[in-house]
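Bear in mind these aren't lab numbers, they're just calculated from the coordinates by the rules spelled out. Since the structure is predicted, the reported quantities are computational estimates derived from the model, not experimental observations. Using ideal geometry, Cβ is built from the backbone for each residue, glycine included, and neighbour counts are taken over all protein chains shown.
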Amino acid sequence: MRVPARIAACLCAVFALAACLDTTGGQTAGEGGRAVPVARQVTMGDGAVIVVPPAGYCIDDSSITSRASGEFALIASCESLTGRLSTVSVEPAVITVTVSNPREGREQPQADLLSGAVPQGVALIATNGEGLSIVQVEGDDGALPGARGDRKHWRGAMVINDRLVGLALYGAPGSTVSGPEGERLLEALAKEIRDHSPLMQRRTAQDAAPTPDMPDAARRQPSRGLLGLLFP
């Protein structure tokens with residue numbers, strides 16, 4: 001399944017929890033009314049990035065894929081993925097995590113670059129936080145055709161061990177995660193990733209070989225094309 005189609009399918013399942021949880025306690029959640037294998041931690045980027053969702057959320061283990069631009073994983077509430085009632089009640093949401101290939105000396109992109117990478121729609125909020133740049137987008141329907149999500153969603157980007165980590169969060173129409181709660185949830189996820197990922201030694205400026213025929217400014221900032229690939 002193509003990544004956007006997989007997200008759309010998961011959105012439809014996660015945002016219809018009444019249909020996902022049957023009265024017999026059976027595992028009927030996930031995509032197409034079935035439970036999916038979940039994980040509470042996954043290693044990405046050849047061990048450089050450890051993804052641990054906030055409490056109440058799980059990784060769809062079957063969603064983890066590798067692409068030319070890097071690796072991808074999908075997160076949703078544990079309850080909606082497994083069909084089992086959880087002791088931790090959380091707002092339904094679909095979160096994507098994309099980890100790029102490494103590049104020496106990579107720096108965190110600024111929020112205005114994230115805003116500029118939105119193919120459609122408008123960036124409503126753009127914040128350069130400590131260790132995470134984040135934007136709220138409205139009206140960008142290109143990535144999720146026909147999905148039952150809110151027209152507002154959140155995107156964030158940070159650098160872990162020279163890899164660009166892209167985060168995107170989608171909520172149900174009118175849900176709290178489509179608003180301020182979504183920003184807090186992405187910040188919590190980013191903190192979990194930073195806290196659990198190893199601290200790898202970065203090469204010094206003297207040791208790092210410059211990329212041939214590339215201006216210094218281009219080496220310091222990720223391209224808009226790469227940012228676009230981080231948010232399927």
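What to note about this one:
- Summarising the label geometry, the points placed 7 Å from Cα in the beta-carbon direction at GLN110 and VAL88 lie 3.6 nm from one another.
- Sorting the segments 99-105, 70-76, 123-129, 169-175 by their residues' average number of neighbouring beta-carbon atoms within 10 angstrom, most packed first, yields 70-76, 169-175, 99-105, 123-129.
- Summarising the label geometry, the points placed 7 Å from Cα in the beta-carbon direction at ASN101 and LEU124 lie 3.7 nm from one another.
- In this simple spin-label approximation, GLU138 and THR176 carry label points 7 Å from Cα along the Cα→Cβ vector, and these lie 2.1 nm apart.
- At 0.890 mPa s and 25 °C, Stokes D of region 56-183 from Kirkwood alpha-carbon radius, µm² per second: 159
- Amide N of region 159-188 lying under 14 Å from the label point, which is placed 7 angstrom from the Cα of ASP195 along Cα→Cβ: 185-188
- Three-way shape label, region 32-87, alpha-carbon gyration tensor, a/c 1.5: oblate
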